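Step one of this worksheet: look at the structure below.
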Amino acid sequence: MITQKLTEDMKVAMKAGDKLRLSVVRMLLSELKNERIAQGEDLDEASERKVLTGYAKKRREAMEAARAGGREEVAAREQQELDITMAYLPPQLSEADLRVVVRKHIETAGATGPQAFGVVMKSVMAEVGGQADGKVVSALVRELMG
């Protein structure tokens, strides 16, 4: 499970004196602990991935905001934190692979027109899980349905 890997990596980061990795790993463990408390039960691996994906999304948004504000040093740190976080998630699907999945779901649903957008999005996101950003999937679905 991801929590065990994070705990091991925290020990390694402490011994190596890697302050950035240690900080990120502690934050991820904290996010997982908060979610476990909120749910009142241990998290399965899918739930852990969902928490980490949410944290990665926050880092990505913070990085974009920092770049928009001209704060490159902050954006660089956010990028480093994002890279560390992404190491604990499954690899992201390439755009070509994502196109194949989206096309398959559009054909399966027989989707035409904007009213079918939600149905296609739901089925695609159920399949790809944490392997693709929702914004990217949404843009592809709109493009391929439009």
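Which pairs turn up if I take residues in the range 78-95 that are farther than 12 Å from ARG60 by Cα and look for partners that are in a loop (DSSP other than H, G, I, E, B) with beta carbon separation below 7 Å, at least 6 apart in sequence or on another chain?
Filtered contacts from the range 78-95: GLN92/ALA132; LEU93/ALA132.
So LYS33 ticks every box in (1) within 15 Å of ILE84 (Cα to Cα); (2) surrounded by fewer than 14 Cβ atoms within 10 Å (Cβ to Cβ) but one. Which box is left unticked?
It is condition (1) that LYS33 fails.
Per-residue answers, yes or no, for (1) crowded, with 17+ Cβ neighbours inside 10 Å; (2) assigned to a helix (DSSP H, G or I):
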residue	(1), (2)
LEU29	no, yes
ALA46	no, yes
VAL51	yes, yes
ALA76	no, yes
ASP83	no, yes
TYR88	yes, no
VAL101	yes, yes
THR112	no, no
ALA116	no, yes
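Output the residues belonging to the range 118-134 that are within 12 Å of LEU98 (Cα to Cα) and surrounded by fewer than 16 Cβ atoms within 10 Å (Cβ to Cβ).
Of everything in the range 118-134, those that are within 12 Å of LEU98 (Cα to Cα) and surrounded by fewer than 16 Cβ atoms within 10 Å (Cβ to Cβ) turn out to be GLU127, GLY129, GLY134.
What number goes with the only condition from (1) farther than 14 Å from GLU81 by Cα; (2) in contact (Cβ under 8 Å) with a residue 12 or more places away in the chain; (3) in a helix (DSSP H, G or I) that ALA62 does not pass?
(1)
Can you tell me which of LEU20, LEU6 is among the hydrophobic types (A, V, I, L, M, F, W, C) and touching a Leu at 6+ places or on another chain (Cβ under 7 Å)?
When all the criteria are applied, what remains is LEU6.
Go through the range 10-27 and report how many residues are charged (D, E, K, R) and either closer than 14 Å to ASP83 by Cβ or part of a loop (DSSP other than H, G, I, E, B) (or both).
Result for the range 10-27: 2.
Throughout, read-outs are computed from the coordinates displayed, never taken from laboratory work. Everything quoted here is computed from the prediction, not taken from an experiment. Please note: Cβ atoms are built from the backbone with ideal geometry, for glycine as well, and neighbour counts cover all protein chains shown.
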